[in-house]
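**Q** Below is one structure. I have some questions about it.
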Amino acid sequence: MADELKDEITTFNAKDVLVDMKDIAGSMLDLAYSAVLYSNPEITKEVFKSEEKMHSLLYKLRISTMLGARNLEDAIEFAGILQIASAAEKISNAASDIAKIATSVDITGYLDREDFEEAVVNVKITPTSVFKGKTLKGLKLETEAGMRVLAIKRGPKWIYSPDKDERLRLDDLIITSGPTEGIPAFCKMATGKEYKEKEKEKGEIVRRRITEEIADLIADMKNMSELMVGLSYSAVTFYNKEIAKEVRDLEESMDRMKEELEILVIEAARGVTKRSNFDEFRGLLHVAVSSEVISDAAYEIADVVLRDIRLHPVFLASIEESDEIILKMAVKNATIFGKTLKELKIETRTGMFILAIHRKEGEWVYNPSGSVELGHGDLLIMRGPREGEDRMREICGDEGE
């Protein structure tokens, strides 16, 4: 076993591993929420497999960086990389904990996709679908609809993180993630029918009303934790202390939100006698705790910048090669000055999620709403598929360097 590990380390590429760790952590989060939203234990199994892979990658990365440090300067730069890699593993652990809920309790009645800024949805390919017989590469779903395919269920077989050359077939069940506002149009393309939100049963409506505040808070915590991960990677990519400080402030807000949720759950549990209801409340608390863990990990990533720890060039190279890239782009196109993000439909047109806007006057707008207008000199910080970069440059009029 030791000899096998030595052979693996000698051919180990730290940059490739960092790319894998960032991509795996991101896909795990989406799959974990998919498992919970659809109460699907099968997806949970894939999340568990990815978690094991993350543990192995971090272990090998630690050995590789220790072997690569030639002096104190190298050791300092590698320390920052290890801190970020360790945080990525914590995100994967939290994702695994979220997915685990799907194996023991169904909490779908307390969750509403419309509350999520980025939702997970599954649709089946029908005979009238425009997707039938086409490859993922040909459909360009990320830049045409803002949706990313996480998995495909074909009969009893699951295909996770499908290749772009994968061709969709009739009756395929595809699980995707993307902006909530893009779901109706996407579902119509996939099924050929108008999208209708699943109607809740009478008992479910009553339960939803009782726990409305809990459900809203769960959604807020999910949205905030995902925002924090994006902002933390932006902070280290551009080595920006202002963004890093925002992550720190958001982490403190997340702590308060978790405390508020705990109180709400205790209040909601008063008078409840059914064991199944207690299990559901436990599941909701589990999601909240895991979201808070993700926020702590995001802060750990941003902390590298706050501590002035310089990162080894291999880290920035890994960010550039990951599936989801981090971009900084200036708004120079006069035709979009004064237009709102909702009017521009950036997420559905490009797949890019705007994390922050830096105004010309110096003001920062984090997690901007659809009503926010773009102006001359605005600097956009965003994350999304690399295929969306060219389209974003067309929209913004920023040709890059």
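**Q** Determine whether I336 is hydrophobic (A, V, I, L, M, F, W, C), closer than 23 Å to D20 by Cβ and either touching a residue at least 40 places away in the same chain (Cβ under 8 Å) or touching a His at 6+ places or on another chain (Cβ under 6 Å) (or both). Write out each step before concluding.
**A** Working: hydrophobic (A, V, I, L, M, F, W, C): yes; closer than 23 Å to D20 by Cβ: no; either touching a residue at least 40 places away in the same chain (Cβ under 8 Å) or touching a His at 6+ places or on another chain (Cβ under 6 Å) (or both): yes.
Against the criterion (hydrophobic (A, V, I, L, M, F, W, C), closer than 23 Å to D20 by Cβ and either touching a residue at least 40 places away in the same chain (Cβ under 8 Å) or touching a His at 6+ places or on another chain (Cβ under 6 Å) (or both)), I336 does not qualify.
**Q** A further question on this structure: Answer with yes or no whether M54 is closer than 18 Å to V120 by Cβ, assigned to a helix (DSSP H, G or I) and in the same structural domain as S104 (by TED's automatic domain parsing).
**A** It is false that M54 is closer than 18 Å to V120 by Cβ, assigned to a helix (DSSP H, G or I) and in the same structural domain as S104 (by TED's automatic domain parsing).
**Q** Six or more apart or on different chains, Cβ atoms under 9 Å: show the pairs whose first residue is in segment 245-271 and closer than 20 Å to A356 by Cβ and whose second is among the aromatic types (F, W, Y) and not in a helix (DSSP H, G or I).
**A** Short answer, once both residue conditions are applied: E246/W364; E246/Y366; L250/Y366.
**Q** Sort through G384, G370, G397 and tell me the only one that's in contact with a Gly (Cβ under 8 Å, 6 or more places away or on another chain) and touching a residue at least 24 places away in the same chain (Cβ under 8 Å). It would help to see each step written out before you state the result.
**A** On the way: G370 fails: in contact with a Gly (Cβ under 8 Å, 6 or more places away or on another chain); G397 fails: in contact with a Gly (Cβ under 8 Å, 6 or more places away or on another chain).
Going through G384, G370, G397 in turn, the sole match is G384.
**Q** Another question, then. If I filter segment 76-87 for residues that are without any contact (Cβ under 8 Å) to a residue 24 or more places away in the chain, touching a helix residue (DSSP H, G or I) at 6+ places or on another chain (Cβ under 9 Å) and not in a helix (DSSP H, G or I), do I get at least one hit? Write out each step before concluding.
**A** Let us first name the residues in segment 76-87 that are without any contact (Cβ under 8 Å) to a residue 24 or more places away in the chain, namely 82.
Narrowing the set further to residues that are touching a helix residue (DSSP H, G or I) at 6+ places or on another chain (Cβ under 9 Å) leaves 82.
Narrowing further to those that are not in a helix (DSSP H, G or I): none.
No.
**Q** Surrounded by 17 or more Cβ atoms within 10 Å (Cβ to Cβ), aromatic (F, W, Y) and either at pLDDT below 95 or within 19 Å of Y239 (Cα to Cα) (or both) - does that describe any residue in segment 348-355?
**A** Taking segment 348-355 as the starting set, the residues that turn out to be surrounded by 17 or more Cβ atoms within 10 Å (Cβ to Cβ) are 348-355.
Subset that is aromatic (F, W, Y): 353.
Keeping just the survivors that are either at pLDDT below 95 or within 19 Å of Y239 (Cα to Cα) (or both) gives 353.
Yes, segment 348-355 contains at least one residue that is surrounded by 17 or more Cβ atoms within 10 Å (Cβ to Cβ), aromatic (F, W, Y) and either at pLDDT below 95 or within 19 Å of Y239 (Cα to Cα) (or both).
**Q** Within segment 67-84, can one find any residue that is at pLDDT below 90, basic (K, R) and not assigned by TED's automatic domain parsing to the domain that holds R349?
**A** Yes.
**Q** Select from segment 310-349 the residues that are part of a loop (DSSP other than H, G, I, E, B), small (G, A, S) and under 23 Å from the mean Cα position of the chain (by Cα) and list them in ascending order. Break it down into steps so the answer makes sense when it comes.
**A** Step one: of segment 310-349, the residues part of a loop (DSSP other than H, G, I, E, B) are 310-312, 322-323, 331-333, 337-339, 345.
Next cut, small (G, A, S) only: 322, 338.
Selection gives S322 alone.
**Q** Checking the condition assigned to a helix (DSSP H, G or I) and at pLDDT 90 or above, which residue from K60, K49 passes? Before you say what the answer is, go through the steps one by one.
**A** Numbers: K60 fails: at pLDDT 90 or above.
Going through K60, K49 in turn, the sole match is K49.
**Q** Right, L170: of a type in the set (A, V, I, L, M) and closer than 23 Å to A25 by Cβ or not?
**A** Numbers: of a type in the set (A, V, I, L, M): yes; closer than 23 Å to A25 by Cβ: no.
No: the conditions fail for L170.
Yes/no matrix, rows are residues, columns are (1) free of Cβ contacts under 8 Å to residues at least 12 places away in the same chain; (2) under 23 Å from V289 (Cβ atoms):
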residue: S34; (1), (2): no, yes
residue: S39; (1), (2): no, yes
residue: F48; (1), (2): no, yes
residue: K60; (1), (2): no, no
residue: E73; (1), (2): yes, no
residue: A94; (1), (2): no, yes
residue: D97; (1), (2): no, yes
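**Q** Test V287 against the criterion of being closer than 30 Å to A75 by Cα and either in the same structural domain as E144 (by TED's automatic domain parsing) or part of a helix (DSSP H, G or I) (or both), and give yes or no.
**A** Working: closer than 30 Å to A75 by Cα: no; either in the same structural domain as E144 (by TED's automatic domain parsing) or part of a helix (DSSP H, G or I) (or both): yes.
No, not satisfied.
**Q** Given the structure, is S56 surrounded by 14 or more Cβ atoms within 10 Å (Cβ to Cβ) and either of a type outside the set (A, V, I, L, M, F, W, C) or out of contact with any Leu (no Cβ under 8 Å at 6 or more places or on another chain) (or both)? Let's see the steps before the verdict.
**A** Working: surrounded by 14 or more Cβ atoms within 10 Å (Cβ to Cβ): no; either of a type outside the set (A, V, I, L, M, F, W, C) or out of contact with any Leu (no Cβ under 8 Å at 6 or more places or on another chain) (or both): yes.
It is false that S56 is surrounded by 14 or more Cβ atoms within 10 Å (Cβ to Cβ) and either of a type outside the set (A, V, I, L, M, F, W, C) or out of contact with any Leu (no Cβ under 8 Å at 6 or more places or on another chain) (or both).
**Q** Further question on the same structure: Looking only at segment 350-373, count how many residues are assigned to a loop (DSSP other than H, G, I, E, B) and either touching a Lys or Arg at 6+ places or on another chain (Cβ under 6 Å) or assigned by TED's automatic domain parsing to the domain that holds V247 (or both). Even if it seems obvious, please write down each step before you answer.
**A** Taking segment 350-373 and keeping what is assigned to a loop (DSSP other than H, G, I, E, B), we get 351-352, 359-363, 367-372.
Of the ones still in play, those that are also either touching a Lys or Arg at 6+ places or on another chain (Cβ under 6 Å) or assigned by TED's automatic domain parsing to the domain that holds V247 (or both) are 370.
So the answer is 1.
**Q** Just need a number here: residues in segment 272-307 that are of a type in the set (F, W, Y) and touching a helix residue (DSSP H, G or I) at 6+ places or on another chain (Cβ under 7 Å).
**A** Residues of segment 272-307 of a type in the set (F, W, Y): 278, 281, 299.
Subset that is touching a helix residue (DSSP H, G or I) at 6+ places or on another chain (Cβ under 7 Å): 281, 299.
Of the residues in segment 272-307, 2 are of a type in the set (F, W, Y) and touching a helix residue (DSSP H, G or I) at 6+ places or on another chain (Cβ under 7 Å).
The values are calculated or read from the model by the stated rules, or taken from the named source; none is laboratory data. Everything numeric here is computed off the predicted structure, so don't read it as measured data. Positions of Cβ are generated from backbone atoms using ideal geometry, with glycine treated the same way; all protein chains shown enter the neighbour counts.
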